[in-house]
Amino acid sequence: MHRVLFLLCALWLVGCGAGSIANQSPEITVFAAASLTDAFTEMAETYEAQNPSVTVRLNFGGSSQLAAQLREGVPADVFASANQAQMEAVIAAGRIEGGNTAVFATNRLVIIVPADNPANITSLEDLAQPGVQLILAVPGVPIRNYTDDIVAALPAQFQTNFYANLVSEEENVRQGAAKIALGEADAGVVYTSDVTPDLASRVQQIPIPDEQNIVATYPLAPLSDAPQPALAQAFMAFVLGEQGQEILGRWGFGAPLGLGE
């Protein structure tokens, strides 16, 4: 008798558990570059408001860090990278099909200094002056790759002096921007979109001339083993659509090349 009661209780608990799982709202997990934090946070909130049954989980970090997690098999539905190299790394690992990527945004690089500009930085060339304390992202993070490409086009002596001034390497671009705003170094290189409203009064922007600057491109793709493949496609369509592009534009991103020009 006791055994029968035990089995009935077990079946009841399993039934309740199955019902709870069935009633859960579907979730989509989006891995996104740290520079997308503000734009994708607003995008997720807007998407959820329009699709109340869906929850968007966001995982922000340096694109290289996110790509490493995806290569290790961490579950996700969508990957938004700050450069093509990290997207290719995930494609090479078999987690994304190469033909499924789409560029959804562009960006530019800018020098930022603390509001009082203690080192009197006025140009890219000043970053190679003796004694300037410079913060960059760690190698492999897209903002660092783009910065290295800019520096590689300049004279060898500039390159030597520039890297000699490096005092800290951060895991992602947002960490570097925050340290500059706090006055922990004289200058850093970030995306224009990283000078957000809460940061704008705490830093100065020093433009990098167009002939020296680089257009950063941001690719987006669904994971080939996405737990929610239909939602992954729907969220990508939202990012690439008019409303998603308007949100990205308000946070300082450019439209994909050929779109919106």
* Would you check if there is a residue in region 45-58 being at pLDDT 95 or above and closer than 29 Å to PRO139 by Cα? => yes
* For region 85-103, name all the residues that are polar (S, T, N, Q) and either part of a helix (DSSP H, G or I) or within 14 Å of the chain's Cα centre (by Cα) (or both). => GLN86, ASN100
* Determine whether LEU70 is touching a Lys or Arg at 6+ places or on another chain (Cβ under 9 Å), in a helix (DSSP H, G or I) and modelled with pLDDT of 95 or more. => yes
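Find the residue count for region 104-158, including only residues that are part of a strand (DSSP E or B) and closer than 30 Å to LEU220 by Cβ. Full working, then the answer.
Going through region 104-158, the residues part of a strand (DSSP E or B) turn out to be 104-107, 109-114, 134-137.
Going one step further and asking which of them are closer than 30 Å to LEU220 by Cβ, we end up with 104-107, 109-112, 135-137.
Looking only at that region, the number is 11.
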* Residues (open to solvent by less than 40 Å² (accessible area, probe 1.4 Å), polar (S, T, N, Q) and more than 10 Å from the chain's Cα centre (by Cα)) located in region 30-56 -> THR46, THR55
* region 218-246, residues that are among the hydrophobic types (A, V, I, L, M, F, W, C), open to solvent by 30 Å² or more (accessible area, probe 1.4 Å) and in a loop (DSSP other than H, G, I, E, B) -> none
* **When residues of region 63-77 are limited to those that are touching a residue at least 24 places away in the same chain (Cβ under 8 Å) and within 12 Å of the chain's Cα centre (by Cα), the one surrounded by the fewest Cβ atoms within 10 Å (Cβ to Cβ)** => GLN65
* Any hit, region 187-200, residues being aromatic (Phe, Trp, Tyr), in contact (Cβ under 8 Å) with a residue 40 or more places away in the chain and part of a helix (DSSP H, G or I) -> no
* Select, from GLY140, GLY131, GLY188, GLY176, the only residue that is over 30 Å from ASN51 (Cα atoms) and over 23 Å from the mean Cα position of the chain (by Cα). => GLY131
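Residue-by-condition table, conditions (1) touching a Phe, Trp or Tyr at 6+ places or on another chain (Cβ under 7 Å); (2) buried (at least 17 other Cβ atoms within 10 Å of the Cβ); (3) among the aliphatic types (A, V, I, L, M):
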position	(1), (2), (3)
PRO139	no, no, no
TYR146	no, yes, no
VAL151	yes, yes, yes
GLN157	no, no, no
LEU166	no, no, yes
GLU171	no, no, no
GLY176	no, yes, no
ALA181	no, yes, yes
* **ASP116 being closer than 23 Å to ILE208 by Cα, touching a Gly at 6+ places or on another chain (Cβ under 9 Å) and open to solvent by 70 Å² or more (accessible area, probe 1.4 Å)** => yes
* Asked: Does GLN212 satisfy the condition of being assigned to a loop (DSSP other than H, G, I, E, B), within 24 Å of ASN145 (Cβ to Cβ) and of a type in the set (S, T, N, Q)?
  -> yes
* For GLU97: the one exception among (1) in contact (Cβ under 8 Å) with a residue 60 or more places away in the chain; (2) over 30 Å from GLY241 (Cβ atoms) -> (2)
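The values are calculated or read from the model by the stated rules, or taken from the named source; none is laboratory data. Worth saying up front: this structure is predicted, and the values here are computed from it rather than measured. Glycine also receives a Cβ, built like all others from the backbone with ideal geometry; neighbour counts cover every protein chain displayed. Just the protein is used for accessible areas: all its heavy atoms, side chains included, with ligands, DNA and RNA removed. Shrake-Rupley method; radii C 1.70, N 1.55, O 1.52, S 1.80 Å.
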